[in-house]
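Peer 1: First the structure, which I've put down as structure tokens, then a few questions once you've had a look.
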Amino acid sequence: MIYLLTVNYYSTNLVAKLVSSLSTNTNIEYKIVIINNSPDDDSIYHLKSDSALVFNATDNLGFGSACNLGLKFIFAQEPRAIVWIVNPDAYLLKNALDKVYPFFDSHPEISILGTIIYTLTNEVWFAGGKFISQTGTILTQDLITNINAEYIPCDWVSGCSMIINLQKFCECPLFDPAYFLYYEDFDFCQRYVQQGHLIAVTKQFGVLHEPSSITNRYVFRKIRHSTYSYLLTLERYTNKLIFNIRLIRLVFYALVLIFFKPQIGLGKIHGLLNYWQSKF
């Protein structure tokens, strides 16, 4: 069984597109698990079926914690399953599901697999993540499109399209709930890399993505969460010197932006305050 896991936050129309793309995409057995992060959004239940399960979160838990609800459910049902986490604003490429099992049969060594992600204009949006700990640089880099290989090892992959091979884990793999939104995928990969798991990216199958089609509705909250998560990530995976340099630069940039892009500037300042509040 392949389980697809997605999180709804007032985006039923987008999730409906994802669900409909699956039904015409494959003849193999699958289930889609929808975690409803907007519990007052009853419209999501219109998508419920034998192959589409809907679970209500008690509140908006953030992306990682919502995914954890789905991962725990799936792991309890079938601890050797393959779980494909897909953003609600993404849609699988043609015949993508049919290629997943043959891929993992050929490459059982992979624990966490990212797929190539295209925009709706067919541009590459994600094809691999790199991390330079000495400078604290977290970046996306096209590692796979010009390489004749079925996969390339990398440092992290995007939670927009992430496949978890549960049989590689003794316990259910989970996102850190300290992250509400942003960088939870990076942290997830780094924690399991440190435990010896192989992270990789492939172009054998992938998704189309509408970048920020949900988060851009809430610019202030988007910047606040991303700033907090960025600082938390730097604290965990870089040294104090790099952390302090990037912190000073972030504060200066936020103060400047208040005068030109106030929502972004204020979002950064609130993210900084949230980070310091979490420390004390």
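Values quoted throughout were computed directly from the atomic coordinates according to the rules given, and no laboratory measurement underlies them. These numbers were taken from a predicted model, which means no experiment stands behind them. As a convention, Cβ positions derive from the backbone with ideal geometry for all residues, glycine included, and neighbour counts pool all protein chains shown.
Peer 1: Please list, in order along the range 167-184, the HN-Hα scalar couplings obtained from phi with the Karplus expression 6.51 cos²θ - 1.76 cosθ + 1.60 (θ = phi - 60°), rounded to whole Hz, x for Gly and Pro.
Peer 2: Couplings: 5, 8, 10, 6, 10, 4, x, 9, 6, 7, x, 5, 8, 7, 7, 6, 6, 5 Hz.
Peer 1: Continuing with this model, one more query. How large is the charge dipole for the chain, taken about the Cα centre, if only the Cβ atoms of Lys, Arg (+1) and Asp, Glu (-1) carry charge, to the nearest 20 debye?
Peer 2: Rounded to the nearest 20 debye, it is 900 debye.
Peer 1: So, one more: Share of antiparallel DSSP beta bridges in the range 2-209, in percent to the nearest 5?
Peer 2: 45 percent
Peer 1: Apply the Karplus parameterisation 6.51 cos²θ - 1.76 cosθ + 1.60, with θ equal to phi minus 60°, to every residue of the range 7-12 and state each ³J(HN,Hα) to the nearest whole Hz, in sequence, with x for glycine and proline.
Peer 2: Result, ordered by residue: 10, 9, 9, 6, 9, 4 Hz.
Peer 1: Given a 10 angstrom Cα cut-off, can you work out which residue in S49, S65, S229 is the most mobile in a GNM of the chain?
Peer 2: It is S49.
Peer 1: Report the Cα-based extents of the range 2-99 along its three principal axes, largest first, to the nearest Å.
Peer 2: 35, 29, 21
Peer 1: List the lysines whose alpha-carbon lies under 23 Å from that of K240, not counting same-chain residues fewer than 8 positions away?
Peer 2: Within the straight-line limit of under 23 Å, K240 reaches these lysines: K130, K268, K279.
Peer 1: Over the chain, what per residue volume does the convex hull of the Cα atoms give, in whole Å³?
Peer 2: With only Cα atoms used, the chain gives 141 Å³ per residue.
Peer 1: Work from the charge dipole of the chain (Cβ charges, +1 for Lys and Arg, -1 for Asp and Glu, about the Cα centre) and give the residue of L120, L272, F131 farthest towards its positive end.
Peer 2: Selected residue: L272.
Peer 1: To continue, here is another question. Please find, in a Gaussian network model of the chain (springs between Cα atoms separated by less than 10 Å), the residue of F252, F205, F175 whose mean-square fluctuation is greatest.
Peer 2: Of the options given, F252 has the highest mean-square fluctuation.
Peer 1: OK, next. Which of the lysines could be linked to K261 by a straight reach, that is with a Cα gap under 18 Å, when you skip same-chain ones fewer than 8 residues away?
Peer 2: K222
Peer 1: Per the helix-only calculation at 222 nm, which mean residue ellipticity applies to the chain, given -39500 (n - 2.57) for every DSSP H run of n ≥ 4 and division by its residues, nearest 500 deg cm²/dmol?
Peer 2: It lands at -12500 deg cm²/dmol.
Peer 1: Next question, about the same structure. Suppose a student asked you for the relative contact order of the chain, using Cα pairs under 8 Å spaced at least 6 residues apart; what percent would you report?
Peer 2: Rounded, it is 19 percent for the chain.
Peer 1: Which far-off residues, 5 or more places away or on another chain, put their amide H under 5 Å from the one on N8, with H placed in the peptide plane?
Peer 2: For N8, whose amide H was placed from the backbone, the distant partners under 5 Å are I35, N36, N37.
Peer 1: Given H placed 1.01 Å from N in the peptide plane, which residues other than close sequence neighbours of G206 have an amide H under 5 Å from its amide H?
Peer 2: The list, which skips near neighbours in sequence, is L93.
Peer 1: On a 24 Å Cα-Cα criterion, which of the cross-link pairs K72/K203; K31/K168; K48/K72 come out too long?
Peer 2: K72/K203
Peer 1: How large is ³J(HN,Hα) for each residue in the range 85-99, as worked out from phi by the Karplus curve 6.51 cos²θ - 1.76 cosθ + 1.60 (θ = phi - 60°), to whole Hz, x for Gly and Pro?
Peer 2: Once θ is set to phi - 60°, the couplings for the range 85-99 become 7, 10, 4, x, 9, 10, 9, 5, 5, 4, 6, 4, 4, 5, 8 Hz.
Peer 1: In terms of modelled amide H atoms, which long-range or inter-chain residues lie less than 5 Å from the amide H of G128?
Peer 2: Distant-sequence amide H within range of G128: Q141, L143.
Peer 1: Among L255, L166, L232, which one moves the most in a GNM of the chain with springs linking Cα atoms closer than 10 Å?
Peer 2: L255
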